[in-house]
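Data first, discussion second: the structure below is written as structure tokens.
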Amino acid sequence: MAKTRRKKKRTHASETNQKHNFFVGGTRTALGTSPQASSGIPKTFVVKRGKLAHLVKSLTEDVRKIMEPHTASKLKDSKSNKLKDFIQVAGPLGVTHFVLLSATERAKYLKICKTPRGPT
């Protein structure tokens, strides 16, 4: 007769203790919410790009405030950051969309991108 698996007693999280965790199932969730409820909510990075990015600095801050509950409001980006750097960080943090702001001498541009899902 085969033995049954041993159930962890100390590290096993019960449902009552799970609502106080910030990290549930590998994703970041708010206090008191279940991971199923927050799985459909899009999370964003708002980033300024391009040679004239200083022209859209205040617009970037305003867009982050508008999208506040589900965006990285204190994201630090510099000229040396590439889009590939943000994509690599987006997966573990559960980010689903990017809002890219750029400017030329004639106009300002807004691009909305969805992050890749899967091994490509």
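The values are calculated or read from the model by the stated rules, or taken from the named source; none is laboratory data. Only a predicted model underlies this, so the values are computations on that prediction, with no experimental measurement involved. FYI the Cβ positions are ideal-geometry reconstructions off the backbone, even for glycines, and counts take in every protein chain you see. The protein model used for the area step is the full one, side chains on, heavy atoms only, and it has no ligands, DNA or RNA in it. Shrake-Rupley method; radii C 1.70, N 1.55, O 1.52, S 1.80 Å.
What the table below lists for this structure:
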{"read-out": "Set 99, 95, 47, 56: member being assigned to a loop (DSSP other than H, G, I, E, B) and surrounded by 16 or more Cβ atoms within 10 Å (Cβ to Cβ)", "value": "95"}
{"read-out": "Boolean, residue 80 is in contact with a helix residue (DSSP H, G or I) (Cβ under 6 Å, 6 or more places away or on another chain), farther than 24 Å from residue 107 by Cβ and of a type outside the set (Val, Ile, Thr)", "value": "no"}
{"read-out": "Single unsatisfied condition, residue 84 versus (1) over 13 Å from the mean Cα position of the chain (by Cα); (2) open to solvent by less than 60 Å² (accessible area, probe 1.4 Å); (3) at pLDDT 85 or above; (4) under 25 Å from residue 117 (Cβ atoms)", "value": "(2)"}
